[in-house]
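Below is one structure, written out as C-alpha cells; the observations come after it.
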Amino acid sequence: MKLFKYELKKNVLRLSVFILLLALIGVNLFKQHETARFLGDSRIAIGVEDKSSLGRKMYEEYKGEFTLQKFEALGEYRDYLQDYISSDEYKPTEEANDRFFTGYAMGDLNYSEETADKMRYAYLYPNQMIELKQRADENIEFYTGRSDFEVRKNELVKQLYTGRRISAYGNYEAFRLYFDYEFSSLVIIVMIIFAFAASLSDEKATGTDRIIRSCRRAKSVFLTKQAVMLLFITVLIVLFAVMDIVRFSSFYDGSFINQPLYAIEEYRYTPLNVTVFGAVMLSLLGKLLALVFIGEIVLLISSFTKNAGFSITLCFAAGGAMIIISEHINPLFSPLSLLNAESWMKDFNCVNIFGYPVLSFIVQFVITAALIALLTAICYFRAGYIRKEKGAVQ
C-alpha cells in the first residue's frame, strides 16, 4: 500500500510539473515581450507593438553584405534629404509620402544617420583592431624584462584580435537581448526544484532507500538520477533557448546568426573569435554547468529531510541565497554568473595561472565543473549508499 501511494504521488507530481512548465512558458513569453520593448533598440522596437516599424523599410534596403558602394549610396541619400529639408519646398507638416522609406523626410534623415553609424562601425572595425594590436606591441615592449605575465597577456591579445573583419551590416538586437536574458534560466531553476527537491526525500520517507540498498542497486539508481537530471536540464535549456531566440528574432532580425560575434557593437572586444551561433552554443554550455550545479544543490538538500514540502522550501531559500551571494563575490567562484552569457563573453578578461594568462570564462567553467563533481560525491556519501551497501555485503 505504501508503494502504491508512493507511485500515485509520483504521477501527481509529474502532472503538476508539466502544468507548471506550461504556465512558466506563458510567463516567459510575456517577459520576452517586455524585454524587447524596454531594453531593445528603441526605434526598431516599435515593431514589438506594430510590425510596420518605421525604420524597417530602410533597414531592409541596406542590410546584408557590406560594400563601399552601398555606404556611398546612403551618404548621397542623406545629402539629398538635408538639401530637401533646407529648401523652401519642405513643409514640416507635410503628409506621408511614398518616396521616403518612413513616409517623411525628417524620419528618413534620422534613420539614415543611425544606419550610417552602424555601417561605419562595421567598415572601421578592422582599424580598431589595428590600434588595439599597436597598443599591445607597446605594452610588450614596455613589460619585456619586467613582467613575463604582462608580455604573455599582450601576446594573447594580438593573437585573439588578428584578422578580424565584419563583412555584413545587420541588426543584432535579437542576439544581444538573448545573451543578456536571464528569466528563462530562472524558470528552469524553478522547474529543477519542483522536479528533484523530493527525489531523495521521498525515498527516505517511504523506505525505498532501504529496499534499493538491500538489492545492492544503490550506485546504479544514483547514477540514473544524475542522468535523468542532466537530460531534464539539457532539454529545458535547449527548449527555452530556441523559444528565446525565435521570439526575439520575431521583433528583430535573426538572420545574421552566421556573422562573427563582434559584429554586435557591444561585443567589439570579445575574446571569442566565433560566430553568433558559436557563441550561442557556448552560452548553452555555460548555462548547463550553472544549472547542473543548482541541480546538485537540490539533490543534496533533498538528502537531509524526509519531508518533500520542507525540502522544496529549503531549495527555494538556498536558491535565493545563492543569487544574492553571487552578486557580491568574484564571478570566478560564482557558478550562477555563467547564466548571463554577456557577463563572461563580452570583454577580454584573463587570470594569471603560474605566470600564464588564461581567459577568465575558461577558469569559471573549470571551477564550476569541479564544484559539480564535489557536490555529486558529497550527495552520494550523504545518501549513505557506500557505507550501507558495504554493511549489506558483510
> Looking at the range 315-352, which of the residues that are of a type in the set (D, E, K, R) and out of contact with any Pro (no Cβ under 9 Å at 6 or more places or on another chain) is surrounded by the most Cβ atoms within 10 Å (Cβ to Cβ)?
Replying inline: 346
>> Could you go through the range 233-242 and let me know if any residue there is in contact (Cβ under 8 Å) with a residue 40 or more places away in the chain and in contact with a Ser or Thr (Cβ under 8 Å, 6 or more places away or on another chain).
In response: yes
> Does the range 352-365 include one or more residues that are under 18 Å from residue 322 (Cα atoms), under 16 Å from the mean Cα position of the chain (by Cα), at pLDDT 85 or above and of a type outside the set (Asp, Glu)?
Replying inline: yes
> Looking at (1) open to solvent by 60 Å² or more (accessible area, probe 1.4 Å); (2) assigned to a helix (DSSP H, G or I); (3) out of contact with any helix residue (DSSP H, G or I) (no Cβ under 7 Å at 6 or more places or on another chain), which is the one condition that is false for residue 266?
Replying inline: (3)
> Cβ-Cβ below 9 Å, separation at least six or inter-chain, first residue in the range 64-76 and surrounded by 14 or more Cβ atoms within 10 Å (Cβ to Cβ), second of a type in the set (S, T, N, Q) and modelled with pLDDT of 85 or more: which pairs?
Replying inline: 66/167; 74/112; 74/115
> Given the conditions (1) assigned to a loop (DSSP other than H, G, I, E, B); (2) among the β-branched types (Val, Ile, Thr); (3) more than 30 Å from residue 167 (Cα to Cα); (4) open to solvent by 40 Å² or more (accessible area, probe 1.4 Å), which single one is not true for residue 305?
Replying inline: (4)
> Got a number for residues in the range 269-288 being β-branched (Val, Ile, Thr) and either in contact with a strand residue (DSSP E or B) (Cβ under 6 Å, 6 or more places away or on another chain) or not in a helix (DSSP H, G or I) (or both)?
Replying inline: 3
> Quick one: which of 104, 125, 111 is open to solvent by less than 40 Å² (accessible area, probe 1.4 Å), more than 30 Å from residue 159 (Cβ to Cβ) and among the hydroxyl-bearing types (Ser, Thr, Tyr)?
Replying inline: 111
>> With the requirement that a residue be under 29 Å from the mean Cα position of the chain (by Cα), of a type outside the set (Gly, Ala, Ser) and modelled with pLDDT under 80, what does the range 30-80 give you?
In response: 39, 41, 43, 44, 46, 48, 49, 50, 51
> surrounded by fewer than 18 Cβ atoms within 10 Å (Cβ to Cβ) and either within 29 Å of the chain's Cα centre (by Cα) or assigned by the TED database to the domain that holds residue 262 (or both): does that describe residue 163?
Replying inline: yes
> Does the range 268-286 include one or more residues that are closer than 30 Å to residue 198 by Cβ and not small (Gly, Ala, Ser)?
Replying inline: yes
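Inside the range 186-253, counting only helices (runs of 4 or more DSSP H) that do not spill past its ends, which hold 3 or more residues that are at pLDDT 90 or above and among the aromatic types (Phe, Trp, Tyr)?
Of the helices (runs of 4 or more DSSP H) lying wholly inside the range 186-253, those with at least 3 residues that are at pLDDT 90 or above and among the aromatic types (Phe, Trp, Tyr) span 218-251.
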>> If the requirement is being part of a helix (DSSP H, G or I) and in contact (Cβ under 8 Å) with a residue 60 or more places away in the chain, which of these qualifies: 291, 332?
In response: 291
>> For the range 353-363, give me each residue that is crowded, with 17+ Cβ neighbours inside 10 Å and free of Cβ contacts under 8 Å to residues at least 40 places away in the same chain.
In response: 360, 363
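The values are calculated or read from the model by the stated rules, or taken from the named source; none is laboratory data. Predicted model only: the values in this text are computed from it and were never measured. So basically every Cβ, Gly included, is an ideal-geometry build from the backbone, and we count neighbours across all protein chains shown. Ligands, DNA and RNA are stripped out before the accessible areas are found, and what is left, the full protein with its side chains, is counted by its heavy atoms. Shrake-Rupley method; radii C 1.70, N 1.55, O 1.52, S 1.80 Å.
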